[in-house]
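Trainee: Have a look at this one before I ask anything.
The values are calculated or read from the model by the stated rules, or taken from the named source; none is laboratory data. Just so it is clear, the model here is predicted, and its values are computed rather than measured. We place every Cβ from the backbone using ideal geometry, glycine too, and count neighbours over all the protein chains shown. For accessibility, only protein heavy atoms count, side chains too; no ligands or nucleic acids. Shrake-Rupley method; radii C 1.70, N 1.55, O 1.52, S 1.80 Å.
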Amino acid sequence: MGVATSARPKARTGLSTARKAQNMVMGGLILLATLLVVAPLILIFVYLIREGIGAVNLDFFTKVPAPEGETGGGLLNAITGSLIMLAMASVFGVLIGLAGGIFLAEYPRHPLMPGIRLVSDVLAGIPAIVMGLVAYGLIVLNFGFSGFAGALALGFLMIPIVVRTTEEVLKLVPQTVREAGLSLGLPQWLVTLKIVLPAAAGGIITGVMLALARVAGEAAPLIFTAFGNPNINFDPSKPMSALPLEIYRGATSAYDENQRMAKAGALLLIVLIFVTSLLARRFSRKV
């Protein structure tokens, strides 16, 4: 008995050592995989800072692009256009996405639910350039290039993100909250509007911000819709510039100054997306 008793601690010690070794190995592999994923992003960010930070000055935010090959100028037209089109796209994409997410979460037995879910899943898998072609066929062929067409394409891209986020966040609201409202004699639509939605507001805002970050850097759909404009334009019925368009134009230019301005625009766009993602994470903690 004494021999058997003394052998047990050694076996446990050996097992504990083996588990610690396995944990260290797996932890090292996870750390290596994380570095492999993050390293390219860090390298891109460092490259843009090194190459484009010199063009970020007061003129960058207050002037329009200079003629091809000339120094100076800025991207005020692109910044203004991006803000206007993202605002319009948010109105379109958020309203439809929010309605779709509410329908999928609150009316799971409705006959239309499978069809709406299918449409949402299909939209989530369609490439951005196809959305641009859809907006081109609907708007541009009939009314010409415009900020409206660009906002429509971006709104199409936002819809599936908002739908999926809204649905998942609403499912996190306890069913007892809905039952409490229904027990008071309130109709289901009023319970959803006055009780369920406020309870899930933080998560819905997170989804909207993630959708904005997703579409803010899209250039392909805007080439077919907004087209671009070298001047500041507040009329969305006319061609409008955007940061992704100016980045694309400058990156494909043969002049070093235009390429440097494109790198500065890319740096600004990454910073804006990074800030938006941080705000989304902050709101998500309140859910």
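Trainee: To test your reading of the geometry: what angle, between 0 and 90 degrees and rounded to tens, separates the Cα axis of helix 2-52 from the longest principal axis of the chain?
Mentor: So the helix axis and the longest Cα principal axis differ by about 0 degrees.
Trainee: Hey, another quick one. Computed from the mean reciprocal separation of all distinct C-alpha pairs, what Kirkwood hydrodynamic radius does the chain have, in Å?
Mentor: Details: mean 1/r = 0.0450 Å⁻¹.
Kirkwood hydrodynamic radius for the chain: 22.2 Å.
Trainee: On to the next question. If the elastic network links every pair of Cα atoms under 10 Å, which of 214, 19, 260 fluctuates the most in the Gaussian network model of the chain?
Mentor: It is 19.
Trainee: Give a residue-ordered list of calculated ³J(HN,Hα) values for region 99-111 (Karplus: 6.51 cos²θ - 1.76 cosθ + 1.60, θ = phi - 60°; whole Hz; x for Gly, Pro).
Mentor: Listing the rounded values in order: 5, x, x, 5, 5, 5, 7, 9, 10, x, 9, 5, x Hz.
Trainee: To the nearest 10 degrees, how steep is helix 201-216 against the longest Cα principal axis of the chain, on a 0 to 90 scale?
Mentor: Relative to the chain, helix 201-216 is tipped by roughly 50 degrees.
Trainee: Quick check on the chain: helices-only [θ] at 222 nm, where DSSP H runs of length 4 and up contribute -39,500 (n - 2.57) each and the sum goes over total residues. Nearest 500, please.
Mentor: Working: 12 runs with 205 residues, N = 287.
Calculated at 222 nm, the ellipticity per residue is -24000 deg cm²/dmol.
Trainee: Ok, one more. Any chance you could check the Cα centroid distance between region 120-155 and region 191-270 for me, in angstrom?
Mentor: So the two Cα centres are separated by 14 Å.
Trainee: Students often check this: by mean Cβ neighbours within 10 Å, which of 53-59, 197-203 ranks highest, and how do the rest follow? Intermediate results must be reported in sequence, preceding the final value.
Mentor: Working: 53-59: 14.7, 197-203: 16.7.
Listed from highest to lowest mean packing, they are 197-203, 53-59.
Trainee: By how many degrees, between 0 and 90 and to the nearest 10, does the Cα long axis of helix 113-125 differ from the longest principal axis of the chain?
Mentor: In the chain, helix 113-125 runs at an angle near 70 degrees to the longest axis.
Trainee: Can you give the local net charge around residue 161? Use residues other than it whose beta-carbon is closer than 13 angstrom to its beta-carbon, Lys and Arg +1, Asp and Glu -1. Display every interim value, and only then the final one.
Mentor: Working: positive: 164, 214; negative: 121, 167, 168, 218.
That works out to -2.
Trainee: Using the basic label-point model (7 angstrom from Cα toward the beta carbon), what is the residue 62 to residue 45 distance in nanometres?
Mentor: Each label point lies 7 Å from its Cα, and together they span 3.0 nm.
Trainee: Continuing with this model, one more query. Spelling out what I want: for every residue of region 142-158, take phi, set θ = phi - 60°, compute 6.51 cos²θ - 1.76 cosθ + 1.60 (Karplus), and round to whole Hz; glycine and proline get x.
Mentor: After applying 6.51 cos²θ - 1.76 cosθ + 1.60, I find 9, 10, x, 5, 6, x, 4, 5, x, 5, 5, 4, 5, x, 4, 6, 6 Hz.
Trainee: If you don't mind, there's one more thing I want to ask. Taking a quarter of the surface of the Cα convex hull of region 133-278, what do you get in nm²?
Mentor: Numbers: hull surface 44.4 nm².
Average projection, Cα convex hull of region 133-278: 11.1 nm².
Trainee: Something else: Which percent of the accessible area of region 169-287 is formed by carbon and sulfur heavy atoms (probe 1.4 angstrom)?
Mentor: Values: 4130 of 6300 Å².
Of the solvent-accessible surface of region 169-287, carbon and sulfur hold 65 percent.
Trainee: Also, quick follow-up: Run the count for the chain, please: Lys pairs, Cα-Cα under 26 angstrom, 8 or more apart or on different chains.
Mentor: For the chain, qualifying lysine pairs total 6.
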